[in-house]
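Here is the structure we will look at, set down as structure tokens.
The values are calculated or read from the model by the stated rules, or taken from the named source; none is laboratory data. Given the structure is predicted, the values throughout are model-derived calculations rather than measurements. We place every Cβ from the backbone using ideal geometry, glycine too, and count neighbours over all the protein chains shown. In case anyone asks, the SASA skips ligands and DNA or RNA and just uses the protein heavy atoms, side chains included. Shrake-Rupley method; radii C 1.70, N 1.55, O 1.52, S 1.80 Å.
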Amino acid sequence: MAQIRPRITGRKSTGEKPSKFRDASGATVQIDPVAAKTLASSVVSSPVKRVSRLTGDVSVPELRTQIGYDGLRAAAVAAGRKEPSLRTLQRWVQRNHIPHAAVEEGAQRRASVERLGGVQVVAAMLQRSPSSVYRWQSGKTNRLRGPAGVEMANAKTLDAMREAKAFNPDGTLRRAEVTVTATVEVRYNGQEGYEHRDRKLFRFAEDTTPMSPTDLWELGHALARGAFGDAVGVIERFASTAYPDNQASGGLSQYDDGNGFHFEEVHDIDIVWLR
């Protein structure tokens, strides 16, 4: 039975207000902050899934391959730790775990710079001095100011999507199968306006309705830069306006604050990029 209740105005348990997603038309839709948080948790806690690659982070064995034991050791020293022994570094790789968050972050930054071509290449790309890149990868600063920060964010996003195998060899975006399981609130402001909650599996694939290259780019870009509210909005919009189940269940085709699928919690997500 339909469950009538007021629109989302923020969860009392967290005190957080909904974030706003601005779609291509310029309209804004409120995104439940819990949906964004649970999407983030699903992505980063899924190391075996390709979607986790969109965070831009790689495994410790991959870090060892990309920056070597010397890079891991340098990240530890830059984070203020005692220089680790080779045996300690080998244990990190074997267990796929670095027990210090600052060291992990520094190692990931070094690997990111290395994948982008090295300090000199990144400095030229950002139009900044090599020393500013060294400071960033060593954790001495967490921000690159002005246009350099934007350029670095864009470069890291493309790097993360490459790591996720999202591109064909010619640089075009691959097709993808996207599956999402979420607790959703279905809203319809028609003549018999209603809303109800349900746990639902969405599967956007070739045999249903695949996401367009534009939607996939927006979703991948949002996940790669950590904009999980925007990622939720992209999925909600597509589910509300293009998913074939809608036509069979009442003809939902509009997405705004009063209509469509609105996620309350994301339980699982995966993206498989197709060749």
Using a 1.4 angstrom probe and counting only protein chains, how large is the accessible area of Ser42 in Å², to 10?
10
Percent of accessible area on segment 123-220 owned by carbon and sulfur, 1.4 Å probe?
49
Express the accessible area of segment 113-205 per residue in Å², computed with a 1.4 Å probe while the remaining protein chains stay in the model.
54
With the cut-off at 1.5 for a/c, could you classify segment 64-105 from its C-alpha gyration tensor as rounded, prolate or oblate?
rounded
Here, Thr88 and Gln127, labelled 7 Å along Cα→Cβ, have an inter-label distance in nm of 4.2
Nearest 0.05, what FRET efficiency do Asp268 and Asn96 give at R0 = 22 Å with Cβ-Cβ as r?
0.50
Report the convex hull volume per residue for segment 116-181, counting only C-alpha atoms, in Å³.
127
So how much slack lies between Gln254 and Ala205, counting 0.36 nm per residue of separation and subtracting their Cα-Cα distance, in nm?
15.6 nm
Rounded Å value of the spacing that divides the Cα centres of segment 50-123 and segment 165-234
32
Using eta = 0.692 mPa s and T = 37 °C, Stokes-Einstein with Kirkwood Rh from Cα pairs puts D for segment 73-179, in µm² s⁻¹, at 212
Unsatisfied cross-links (Cα-Cα over 26 Å) in the set Lys37/Lys156; Lys140/Lys165; Lys20/Lys156; Lys82/Lys156; Lys37/Lys140; Lys37/Lys200
Lys140/Lys165; Lys82/Lys156; Lys37/Lys140
